[in-house]
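Novice: Structure below; questions to follow.
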Amino acid sequence: MSRYPSSRSGGAVAAPSARPTRVELPNGLVVIFQENHANPTVAIQGLVKAGAIFDPPARSGLSRFVSAMLDRGTRKRTAFQQAEALESLGASVHFEGGPETIAISANMLSEDTGTVLEVLADALRNPSFTEDQIDKARDEMIVRVKISNENTAYVAARTANELLYPSDHPYHGPPLGTEPSLRAITREDLETFHASHYGPNTTVLVLVGDVDPDSTLEPVKRVFSDWRKLVAPPPFSVPPAAPPDRPKRQVVPMKGKSQVDVAFALPGIARTDPGYYAAMIMCYVLGGGSLSSRLMDQVRDKMGLVYGVYSSLHAGIGAGPIQIRAGTNPRNADRTAEAMLAEVRRMHEEGPTPAELEEAVSYLTGVFPVRMETNAGVASQLLGAELYGLGMDYIERYPGLLRGTQIEQVVAASRKHLSPDGYAVAVAGSDSETPSTR
């Protein structure tokens, strides 16, 4: 029987009442606590500023490789002992490499917080990088790359990004890496990357749930306070990329595929940009609103060209792309691309209607509390607030930030970010009827 109550740290919980507490240790580690005593569980969300933006050109996938080694043994524990220490408590710790950061997630009973923190600290600080585990991790990552390269949606989106960003830009290549780059990575590469990017002053931890900031800070200090600060961590920044001065197009034929995916990529916006909320509303109206968006209404419902069509805003520490994606029959690829571009042009020229703005704000503010129904959801929002300097009161201010966005701002965002000429489009899929994308 599980040691957890029916509502685990990932399940529904009562809304937290106390303000979060932020503590920065002398070595630079930032720890945020949010009390929620609805049940005796704790969720941890964290990050290390060591994502794929730091991969060397010939070593794409290196940051993700390092993160994959964190639970494969340390100088103190074997991989089996790491897993056993957590499973015996019904707890979990996971690491996931991303474009900008390494994501940390953990769940546990509150009485086990100290033990889980010790296992987490050991993994972050002391990975052993043994050759046998390196080989296993490499094989698994290469399999994942091969599987992804057979996915038409992934290939189209990856190719559109590669067209949008110059080859030397951090957002150009896939965080997964490539088979040749993964095969080229050595143990020395892994150890060097870890030593130069993993430190207390590049790490943030958020603990939400049955925690008391004063008492829970002690086990945090016990396992992290002697972690040596990085003397010169790499700057956590992404350079701007000039938008395309003309449309860029590429077709990627793929054998054995019965459909194609069409992906547009347009220059986006950084999360810290004051225009972020207007751009988010713009993206929702265009294709983020599921069945109620312009793209779904026109391209799927009226024209019947696609199974689904969506837009998404990838705002990070740098200006990530605005992506618009759809899957369709190969015969309809050109018509689909043209119809998607027509909606981009219409949004660029007109912006949203007052009714669309109202619907977007209503949805985006209404869904926010749903994302906050779990300890992990609250922790994720606080982690983002810390990463982008939004303030510990961000959760309280978020609805007002959206409601305060005026239609003129969304119109301006549409004209700035949805250029009908400065975009990249890729089509990936069936090689039997190759579309042109004209």
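Novice: Using only the alpha-carbon atoms, how far is helix 407-417 inclined from the longest principal axis of the chain? Give it as 0 to 90 degrees, nearest 10.
Specialist: 80
Novice: Taking the chain as the reference, fit the longest principal axis to its C-alpha atoms, fit the long axis of helix 354-371 to the helix C-alpha atoms, and give the angle between the two in degrees, 0 to 90, nearest 10.
Specialist: The answer is roughly 20 degrees.
Novice: Less than 16 Å apart at the alpha-carbon level, and either on another chain or at least 8 residues along: which aspartates and glutamates does that give for K76?
Specialist: E84, E118, D122
Novice: What number does the range 34-128 give for Rg over Rh if you use C-alpha atoms and the Kirkwood radius? Present the calculation step by step, with values, prior to reporting the outcome.
Specialist: On the way: Rg = 14.4 Å, Rh = 14.0 Å.
Over the Cα atoms of the range 34-128, Rg/Rh equals 1.02.
Novice: Beta carbons within 10 angstrom, averaged per residue: use that to sort the peptides 333-340, 204-211, 291-298, highest first.
Specialist: Values: 333-340: 21.6, 204-211: 26.2, 291-298: 18.2.
Highest-to-lowest ranking by the protection proxy: 204-211, 333-340, 291-298.
Novice: So, taking all protein chains as they sit and a 1.4 Å probe, how much accessible area belongs to S92, in Å² rounded to tens?
Specialist: Number for this one is 30 Å².
Novice: Share of the range 286-357's accessible area from carbon and sulfur, percent, 1.4 Å?
Specialist: Numbers: 1380 of 2890 Å².
With neighbouring chains kept in place, the figure for the range 286-357 is 48 percent.
Novice: Additional query: Past 32 Å, Cα to Cα, is the threshold; run K49/K257; K257/K302; K136/K255; K49/K416 against it and keep the listed order.
Specialist: Table pairs above 32 Å Cα-Cα are K49/K257.
Novice: Give me Rg over Rh for the range 318-438, both radii from the alpha carbons and Rh done the Kirkwood way, two decimal places.
Specialist: Working: Rg = 18.7 Å, Rh = 17.5 Å.
Looking at the range 318-438, the ratio lands at 1.07.
Novice: Next question. Mean separation of Cα pairs under 8 Å and 6+ residues apart, divided by the residue count of the chain: what relative contact order is that in percent?
Specialist: Here the relative contact order equals 22 percent.
Novice: Follow-up question, since we're still on this one. If you bin the C-alpha pair distances of the range 368-432 every 10 Å from 0, what whole percents do you get?
Specialist: P(r) for the range 368-432, in whole percents per bin: 16, 28, 25, 23, 7, 1.
Novice: Still on this structure: Calculate how steeply helix 333-350 sits against the longest principal axis of the alpha-carbon atoms of the chain, using the helix alpha-carbon long axis, and give the answer as 0 to 90 degrees to the nearest 10.
Specialist: 80
Novice: Suppose only helical runs count, i.e. DSSP H with n ≥ 4. What mean residue ellipticity at 222 nm does that imply for the chain under -39500 (n - 2.57) per run, divided by all residues and rounded to the nearest 500 deg cm²/dmol? Before the final figure, lay out the partial values.
Specialist: Numbers: 14 runs with 167 residues, N = 438.
After summing the helix terms and dividing by residue count, I get -12000 deg cm²/dmol.
Novice: Could you give the Stokes-Einstein D for the chain in µm² per second, using the C-alpha Kirkwood radius, 20 °C, 1.002 mPa s?
Specialist: Details: Rh = 23.3 Å.
The calculation lands on 92 µm²/s.
The values are calculated or read from the model by the stated rules, or taken from the named source; none is laboratory data. All of these numbers come straight from a predicted model, not from anything done at the bench. Don't worry about glycine lacking a Cβ; one is built from the backbone with ideal geometry, like all the others, and counts go over all protein chains shown. Heads up: the accessible areas ignore ligands, DNA and RNA and are worked out on the full protein's heavy atoms, side chains in. Shrake-Rupley method; radii C 1.70, N 1.55, O 1.52, S 1.80 Å.
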